[in-house]
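Enquirer: Structure incoming, see below.
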Amino acid sequence: MIVDLLSKYAECDGVLLSGGIDSTLVAYAARRIGHVPVGITVSLVSCQGDLPFALYAAARLSTPLSIVQVRLVEALDYVERAMEVLKNFNAMELVNCAVQYAGLERARDLGLRRVCTGDGGDELFLGYSFYRKYPLHALEEKRREIVAKWRFCSRQIAQALGLEAVLPFTENEVVKFALALPAAEVLDKKPLREALKGVAPLIAARRKTPLEEGSCFNRLYEEMEKRAGSPYAYLCRLFEAKGFQYLRSAEGCPRCGYAQFDGYCSMCGYYEER
């Protein structure tokens, strides 16, 4: 059922393919409707996180794979480019979105126009590890709360690069289907794993690996700390050097003062424990 739904919205000529469950399922959905999208995988040089899984997924789906391998200093450049699009200095967001920037840039260079991503799968099907700290009765509310606020940088970055990002998991029909399933039935992406068992069993059994970890872009945190004392200091300095500004308030973010603070600061990444 989930593959049939995703297939309605998976018309694309490229897929940001990490070799994780979500992106592999989207690539499979595209293949089911006759498309042969180019898979694009991004990683640091010598990183073996996502790459073996992406190669496996591409082979199982009989789809070409374009591999983007960058050095640490090049990855920092992608963080800067992501900042120029997103206009924030949120370390976690920028590091993850730098991976997507590199992948979407390769898509543009390959002449692709519509690029699918697996964005939304973890939110809808409770893939993140932090979901496990909630009792089942609280998961329904938490999932709906997160879905109501979700936003994905792939759309903004794709637009900046002259591409269209296609996010099948975020389509209304898919969201309604997922939210109608009890939390206990979707925890740890059970329906998605089941859908992939006969197609790519290695991916179906893969543990959740955050994009920054699978690409090894998480090494950027240490590099930024070496250069400025902390990722926050490094990115704040870069943000200011570019002349970017944002609305501040005395009641805003305790760290950066961003006025639109609601317990999580999208500007700097500060999170208020409750």
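Enquirer: From (1) surrounded by fewer than 14 Cβ atoms within 10 Å (Cβ to Cβ); (2) at pLDDT 95 or above; (3) of a type in the set (A, V, I, L, M), pick out the condition that doesn't hold for A228.
Expert: Every listed condition holds for A228 apart from (1).
Enquirer: Of all residues being outside any helix (DSSP H, G or I) and not polar (S, T, N, Q) in the range 221-249, which is farthest from Y78 (Cα to Cα)? Just the residue, please.
Expert: R248
Enquirer: OK, next. Suppose the filter is modelled with pLDDT under 95 and either of a type outside the set (D, E, K, R) or crowded, with 20+ Cβ neighbours inside 10 Å (or both); does F261 pass it?
Expert: Yes.
Enquirer: Would you be able to tell me the number of residues in the range 105-146 that are touching a strand residue (DSSP E or B) at 6+ places or on another chain (Cβ under 9 Å) and of a type in the set (V, I, T)?
Expert: 2
Enquirer: Could I ask something else about it? Using beta carbons and a limit of 6 Å, which pairs, at least six apart or on different chains, have the first residue in the range 226-245 and farther than 17 Å from S266 by Cβ and the second one hydroxyl-bearing (S, T, Y)?
Expert: Going by the 6 Å Cβ cut-off, the qualifying pairs are R227/Y234; A228/Y234.
Enquirer: Another one. Out of R81, R114, report the one residue that is in contact with a helix residue (DSSP H, G or I) (Cβ under 6 Å, 6 or more places away or on another chain) and of a type in the set (K, R).
Expert: R81
Enquirer: Pairs please, first residue from the range 133-159 and outside the structural domain of D262 (by TED's automatic domain parsing), second anywhere and in a loop (DSSP other than H, G, I, E, B), Cβ atoms under 6 Å, 6+ apart in sequence or on different chains.
Expert: Pairs found: K142/Y134; F152/D119; S154/T117; S154/D119.
Enquirer: Same structure, new question: On the basis of being closer than 21 Å to A98 by Cα and either in contact with a Leu (Cβ under 9 Å, 6 or more places away or on another chain) or not assigned by TED's automatic domain parsing to the domain that holds F125 (or both), does G49 make the cut?
Expert: No.
Enquirer: Is there a residue being in the same structural domain as N90 (by TED's automatic domain parsing), surrounded by fewer than 15 Cβ atoms within 10 Å (Cβ to Cβ), of a type in the set (S, T, Y) and under 19 Å from the mean Cα position of the chain (by Cα) anywhere in the range 110-132?
Expert: Yes, because at least one residue in the range 110-132 is in the same structural domain as N90 (by TED's automatic domain parsing), surrounded by fewer than 15 Cβ atoms within 10 Å (Cβ to Cβ), of a type in the set (S, T, Y) and under 19 Å from the mean Cα position of the chain (by Cα).
Enquirer: Return the only residue of V42, V26 being touching a strand residue (DSSP E or B) at 6+ places or on another chain (Cβ under 8 Å), in a helix (DSSP H, G or I) and either among the small types (G, A, S) or buried (at least 20 other Cβ atoms within 10 Å of the Cβ) (or both).
Expert: Residue meeting the stated conditions: V26.
Enquirer: Restricting to the range 121-139, name every residue that is among the hydrophobic types (A, V, I, L, M, F, W, C), in contact with a Leu (Cβ under 9 Å, 6 or more places away or on another chain) and in a helix (DSSP H, G or I).
Expert: L124, L136, L139
Enquirer: Follow-up question, since we're still on this one. Hey, can you tell me all the residues within the range 174-220 that are more than 30 Å from L94 (Cα to Cα) and assigned to a loop (DSSP other than H, G, I, E, B)?
Expert: L181, P182, K197, G198, V199, A200
The values are calculated or read from the model by the stated rules, or taken from the named source; none is laboratory data. All values derive from a computational prediction rather than experimental measurement. All Cβ positions, glycine included, derive from the backbone under ideal geometry; neighbour counts span all protein chains shown.
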